[in-house]
Amino acid sequence: MTRIPRTSRRGLLATGVVCALTLGASALLPATNAMAATGCAVTYTTNSWDGGFTASVSIKNLGDAVNGWTLGFSFGQSSQRVVQGWSATFEQSGAAVTARSLSYNGALATGATTNIGFNGSFSGSNPAPTSFTLNGVTCTGSTTGPTTPPTTPPPTTPPPPTAQTPAAINGKLRVCGANLCNQYGKPIQLRGMSSHGIQWFPRCYQDPALDALATDWNSDLFRIAMYVQEDGYETDPAGFTARVNDLVEKATARGMYAMIDFHTLTPGDPTFNLERAKTFFRAVSARHANKDNVIYEITNEPNGVSWSTIKNYAEQVIPVIRANDPDAVIVVGTRAWSSLGVSEGGNATEVINNPVNASNVMYAFHFYAASHRDNYRAELERAAARLPMFVTEFGTVDYTGDGAADLASSTVWLDLLDRLKISYANWTFSDKAEGSAALRPGTCNGSSFTGTSVLTESGAFMRNRIRTPDNFPTS
Ligand code: IDC
């Protein structure tokens, strides 16, 4: 398998342009509101590499609330092309580009910002557009007209799974060589967040929180951590099955991939939960067999057992899923808390020499950036040349899940995962008072989940990493 080097999301050249736009009142607002205040600001930023670039466009409404918008701009040269956009419908004719709002982001309250973006190509230079229009009206700068009290923003509704969402773009996933590939057979990387134990933090996974995860974090993936012990599944199998099903539906409605994590931890022998696993996966795979966005993680962190015990467990659980869903991607935990054996003195060779006997299978690797460093990175990189790896859980902190975020080590880790196109989910999208939690304590008691004011240091770091434009090839 030849690894295809990934074009860097963070390219060689970064340019930033801030433009002021004024909304065209007549085109945007009902006639009765012709005296409304108008104005907005746009930030246009690009990361460029040799012949390609990613543009991030941030549109802030400084005037009264609007419902639906069209942004127009012209490239300096017609060799600059929009290749693939997101969060708006893009059209290009010659050098002229229009971007129209989608159903879920057309409403912009006073002071609200919406972010759109696209991947582009160019030859020669790649100048930023110098002028923008909104609904055909040339923008000139500041807010004009009387100010009116801000209107109540419409209730948040999840974005429909349009062609703009990660799940809609990539569709059904499959393992190709040592990669995760999308419906076009191209290697992709999914970047997202793991829940904390759903038995403890149900309020963190209600609609506003998941809206923010999908549209403010631009998360591709939501991992649903269903503990089996510790007041989890074993205490109420039907109830937890229903909760997981409900969370899969919520992820689906927002165009994210849903990873169903059978969160075994103690005891470390997955065989202890074999019958529970069969019962659980029989139910959830029957329910979601027709979806393309569900990934099954059949055991979180085996520990204190041999690889052959884990492989044996996998080869009993996988057929239960396959009976309902013949080709979904299934992730198998590895020895020593999904460290490929490293945390118990082993390495990936035992898996490379004796892989699970099933197709569309990946292997889990977990790390905690303040505890696990170069030797773990080296083993993951070595394994990833041979095995399809998925970092289904990692923390920016130490292995206890608490303590300070080690952002230097986390950056080295995430740069490695980006380079190798290894998908990941960060522990945790929750407001537990511990260093690994992305949300500040108490956040889940409220209804506001967007922006950085609700985030911990780890959360702000992860949101920055996850919300950058994806690289999902479609041809
Ligand atoms: C930790 C949580 C902590 C909780 C504990 C319970 O962060 O709040 O009290 O589980 O068991 C893992 C596990 C994951 C751990 C996490 C941090 O998959 O369940 O979460 N961790 O210790 N493996 C390595 C670290």
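Each reported figure results from applying straightforward, stated rules to the coordinates on display, with no laboratory input. Quick caveat: nothing in here was measured; it's all calculated off a predicted structure. Methodologically, a virtual Cβ is constructed for each residue, glycine included, from the backbone with ideal geometry; neighbour enumeration extends over all protein chains shown.
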* Going down the table (278/311; 250/311; 172/291), which pairs top 20 Å between alpha carbons? -> 250/311
* To do: Could you calculate the contour length gain from residue 113 to residue 271, that is, 0.36 nm times the residue separation minus the distance between their Cα atoms, to one decimal place in nm?
  => 51.9 nm
* To do: Grab the Cα-Cα distance for residue 231 and residue 128, subtract it from 0.36 nm times how many residues apart they are, and report the gain in nm with one decimal.
  => 31.6 nm
* To do: For the chain, just run the numbers: alpha carbon Rg, then divide by 2.2 N^0.38 Å, N being how many residues it has.
  => 1.01
* Asked: Quick one: which of 359-367, 401-409 comes out on top by average Cβ neighbours within 10 Å, and what's the full order, highest first?
  -> 359-367, 401-409
* Expected 222 nm ellipticity per residue - DSSP helices of 4 or more, -39500 (n - 2.57), all of the chain, to 500 -> -7000 deg cm²/dmol
* Asked: Can you run phi through the Karplus equation (6.51, -1.76, 1.60; θ = phi - 60°) for the stretch 48-54 and list ³J(HN,Hα) in whole Hz, with x for Gly and Pro?
  -> 10, 9, 5, x, x, 7, 10
* Given labels modelled 7 Å from the Cα in the Cβ direction, how far is it in nm from residue 316 to residue 67? -> 5.8
* **Bridge type composition, the chain - antiparallel percent by DSSP, nearest 5** => 65
* To do: Quote to one decimal, in nm, the extra length available between residue 49 and residue 91 on full extension: 0.36 nm per residue of separation minus the C-alpha distance between them.
  => 12.8 nm
* Structure fact -> FRET efficiency (residue 448, residue 121; Cβ distance; R0 30 Å; to 0.05) is 0.20
* Asked: Between residue 78 and residue 371, what FRET efficiency comes out of the Förster formula 1/(1 + (r/R0)^6) with R0 = 60 Å and r the beta carbon distance, rounded to 0.05?
  -> 0.70
* Asked: Hey, what do the phi angles of the stretch 426-437 turn into as Karplus ³J(HN,Hα) couplings, whole Hz, using 6.51/-1.76/1.60 and θ = phi - 60°, x for Gly and Pro?
  -> 8, 8, 9, 8, 7, 10, 4, 6, 8, x, 6, 6
* Using the Karplus equation 6.51 cos²θ - 1.76 cosθ + 1.60 (θ = phi - 60°), what ³J(HN,Hα) coupling, rounded to whole Hz, does each residue of the stretch 187-199 give in order, writing x for Gly and Pro? -> x, 9, 10, 9, 10, x, 10, 9, 5, 7, x, 5, 6
* To do: With label points built 7 Å along Cα→Cβ from the Cα atoms of residue 419 and residue 309, find their separation and express it in nm.
  => 3.5
* To do: Could you tell me the largest-minus-smallest coordinate of the C-alpha atoms of the stretch 221-289 on each of the three principal axes, in descending order and whole angstroms?
  => 34, 20, 18
* Amide H contacts of residue 180 (H built 1.01 Å from N, under 5 Å, at least 5 apart or other chain) -> 188
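Mind ranking 92-98, 269-275 by how tightly packed they are, going by the mean number of other C-beta atoms within 10 angstrom, highest first?
Packing order, densest peptide first, comes out as 269-275, 92-98.
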* **Folded to 0 to 90 degrees: helix 307-324 orientation relative to the chain principal axis, Cα** => 60
